[in-house]
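A short reminder: the numbers here are calculations on the coordinates, not readings from a lab. The model shown is predicted, which means the values in this text are computed figures rather than measured ones. Quick reminder, even Gly has a Cβ in these numbers, built from the backbone with ideal geometry, and neighbours come from all protein chains shown.
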Amino acid sequence: MATLSRSDVEHVAHLARLGLSDAELSVFEGQLNHILDQYAILAELATDHIAPTAQTIELENILREDVVRPSLPTSAVLANAPARDGDFFVVPAILDER
Amino acid sequence: MPDLTRLHAHEMAALLRSGEISARELAEAHLAAAERDNRALNAWLTIDRARALEEADAADARFEAARSEGGSALRRLPALLGIPVALKDLVSVAGGQCTAGSRILEGYRAPYDAHITERLREAGAVVLGKTNMDEFAMGSSTEHSAFGPTANPWALDRVPGGSSGGSAVAVAAFHAPLSIGTDTGGSIRQPAALCGIVGLKPTYGRVSRYGIVAFASSLDQIGPFARDARDAGALLHAVAGRDERDSTSSPEPVPAALDTLPASDDQAATTLRGKRLGMPREYFVAGMEPGVEARVREAVAALEAAGATVEEVSLPHTDYGLATYYIVAPAEASANLARYDGIRFGLQRRDGDVLANYLATRGAGFGDEVKRRIMLGTYALSAGYYDAYYLKAQKVRTLIKGDFDALWAQGFDALVAPTSATVAFPLGARLDDPVAMYLSDACTLPVNMAGLPGVSIPCGLSDGLPVGLQLIGAAWSEAELLGLARGYEAITAGADWRTLEPADLHRASDPAAPTPGARAA
């Protein structure tokens, strides 16, 4: 199985949108490789002809009537927003003004 | 009148109906115990005294009205009316804080009730507050809580297990007769074992997860803690069943038997006769403590003496469970936890543009274990590794489930096994070694991989600390499992260890006691 280099760890942290300190990256590099070592045992099993299991109980698609129902009021949805402006969440501008 | 906190929920229910006690007295007694011990135990993140007393008064009003109406009105009242309950702090209660043990959700207030909160309200249960947990339910010791570890009332320098450690301690320490936990890889059963109480992980899909903070969606399930099987059954009965807001909740009928386990020991003991039980040899692992193995084998012998047959069986893919679980669960977690973006709710850290804010918010808001799992899961799902890790793990999951299915096809009623290979371990003992911590759940996580119900029940002590016996059943067999648990309680009703209270509980009431965090440091 693969081994994670320091730059792999940095890449994965970026994919996961985790801002990690140098110290964290160093600790995680060692720990994640130790954990990945545990995964090697799975290579012992021949699974080419085994179907994957994504869920364990047999449920058919369950549909409901497509009718409009009340949802939470805007004020309740926005109550936890760290920054809001009226009925909007505030985020940094993602487009430059030209 | 005995100390109200020592009663089982079914005993409280009888006294409430006869009018000998009130729901307010019950709530006051439990709130006082929780408030008194919380410095030393840190089992609770929120104790909502005002709300609990309001709910208790409402319950008393319903009892009063039913009593004036007559006997049949009393009998129609729900089983949990006026009974105190604790909720793990990942269950939404409208208007209340819901941290999931994480800084990233500190101060977040749930805008709506979880399905199970609604059900408990309808049943008239009195919610005392919210309990401590490993952050986002990731952990086996409750040490990964952002709000400090929880101590085990049997030994204050030891962990209660996890991730639902606060809910387990609340029940073990008599702060509530009932509590709710969640179990993704053992997070109800393992702390139940380490705290000497009953903890049931129901079949996947048995209880709606609407309004529960998600960890790993193909594994997470909600279940009860209690101090006996009857109470656990009553709580599951109150919250189980189909809810259209959780598409994975099952329409499978909820058996009335959950709420009507036998009161009489003689009757309960007879249910063990002729039961065919399997004892999976792979669960008696290397590294298992001799005292744990001894208690579990004694429990098995007691079940045999009561008329059950026990055969050694094999679950040949057990050793692959840990690796499989630690691919599937982190992969699902990495997707579920993408929602914590610092924009819509929870912690926000500004550091420039949108990307910089994500990095800063998530870097500051998540603890080490959550970061490790997000990293593992992101890696396992990333380009080039999906087939080698996630798909491979899902295929091995099929094999693990197949091991169990083969035994049900052979006619076994249930499996008996240890819940945990060790008793409660010292605070800090596994904190710096993630793999050692992960191994805490080796005997419980295959059950989640297969979607099955499992219950841990106390079966004695080793070195003065509780040992759990795990009963595993086929899908939807919770009532049968609790029937076996009730039978085991009946045949061990006279055992010395049943009369013991957690050895360090009296020290928890000392107002000068160190906090668990101080003990760990």
Item checked: Rounded D (µm²/s) - region A:25-79, Kirkwood Rh over Cα pairs, Stokes-Einstein at 37 °C, 0.692 mPa s -> 187
Check: Once the Cα atoms of the protein assembly as shown are picked out, what are the Rg and Dmax in Å?
Finding: 23.7, 84
Notebook entry, point to check: What does the average come to when, for each residue of peptide B:368-375, you count the partner chain Cβ atoms lying within 10 Å of its Cβ?
Noted result: 5
Check: Can you give the net charge of the other residues whose Cβ lies under 13 Å from the Cβ of B:ALA286, counting K and R as +1 and D and E as -1?
Finding: -3
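Evaluate the Kirkwood expression for the hydrodynamic radius of chain B, namely the inverse of the mean inverse distance over all pairs of different C-alpha atoms, and round to one decimal in Å.
22.8
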Notebook entry, point to check: For B:LEU45, which sequence-distant residues (separation of 5 or more, or a different chain) have an amide H within less than 5 Å of its own amide H, given hydrogens modelled in the peptide plane?
Noted result: B:LYS130, B:THR131, B:ASN132
Note to self: If each DSSP helix of 4+ residues adds -39,500 (n - 2.57) and the sum is divided by the residues in chain B, what number results at 222 nm, nearest 500 deg cm²/dmol?
What the structure shows: -12000 deg cm²/dmol
Notebook entry, point to check: Assuming R0 = 41 Å, what is the FRET efficiency of B:ALA257 and B:GLU298, from their Cβ-Cβ distance, to the nearest 0.05?
Noted result: 0.90
Check: Other chains' Cβ within 10 Å of A:9-16 residues: what's the mean?
Finding: 6
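Considering only the other residues whose Cβ falls under 11 Å of the Cβ of B:GLY454, what net charge follows from Lys and Arg at +1 and Asp and Glu at -1?
Within the 11 Å Cβ shell, the charges total 0.
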Check: What is the Cα centroid distance between region B:432-511 and region B:216-270, reported in whole angstrom?
Finding: 16
Note to self: For a quick check: with amide H placed at 1.01 Å from N, whose amide H comes under 5 Å from B:VAL313's, ignoring anything fewer than 5 positions away on the same chain?
What the structure shows: B:MET279, B:ARG281
Margin query: Considering only C-alpha atoms, what is the centroid distance from region B:289-304 to region B:142-180, in Å?
Written below: 25
Notebook entry, point to check: Against the longest alpha carbon principal axis of chain A, how many degrees, from 0 to 90 and to the nearest 10, is the axis of helix A:22-39 turned?
Noted result: 60
Check: From the cross-link list B:LYS371/B:LYS395; B:LYS130/B:LYS371; B:LYS201/B:LYS275; B:LYS130/B:LYS275, which pairs have alpha carbons spaced over 28 Å apart?
Finding: B:LYS130/B:LYS275
Next item on the list: Find the eigenvalues of the gyration tensor of the Cα atoms of region B:28-112, then list the square roots of 5 times those eigenvalues as equivalent ellipsoid semi-axes, largest first, in whole angstrom.
Entry: 31, 16, 10
Check: How large is Rg over Rh for region B:448-521, taking Rg from the Cα atoms and Rh as the Kirkwood inverse mean of 1/r across Cα pairs?
Finding: 1.12
Check: Given labels modelled 7 Å from the Cα in the Cβ direction, how far is it in nm from A:THR74 to B:ALA436?
Finding: 5.5
Note to self: From the helices alone, meaning DSSP H stretches of at least four residues, give me the mean residue ellipticity at 222 nm for chain A, per-run term -39500 (n - 2.57), in deg cm²/dmol to the nearest 500.
What the structure shows: -10000 deg cm²/dmol
Next item on the list: Note down the net charge around B:HIS317, summing +1 for each Lys or Arg and -1 for each Asp or Glu among other residues with Cβ under 15 Å from its Cβ.
Entry: 0
Item checked: Distance between modelled label sites at B:ASP353 and A:SER5, nm, 7 Å Cα→Cβ extension -> 2.6
Margin query: Among B:505-517, B:437-449, B:459-471, how do they line up by average Cβ neighbours within 10 Å per residue, starting with the highest?
Written below: B:437-449, B:459-471, B:505-517
Check: Based on DSSP H assignment, which helices of chain B show an axial Cα extent of at least 24 Å together with a mean Kyte-Doolittle hydropathy greater than or equal to -1.0?
Finding: B:23-41, B:49-69, B:392-409
Item checked: GNM flexibility winner over chain A from A:LEU78, A:LEU45, A:LEU59 (Cα, springs under 10 Å) -> A:LEU78
Check: Sorting B:THR260, B:THR46 on the 10 Å Cβ count, fewest up front, what's the list?
Finding: B:THR260, B:THR46
Check: Can you list the equivalent-ellipsoid semi-axes of region B:120-255, largest first and in whole Å, using the square root of 5 times each Cα gyration tensor eigenvalue?
Finding: 24, 17, 12
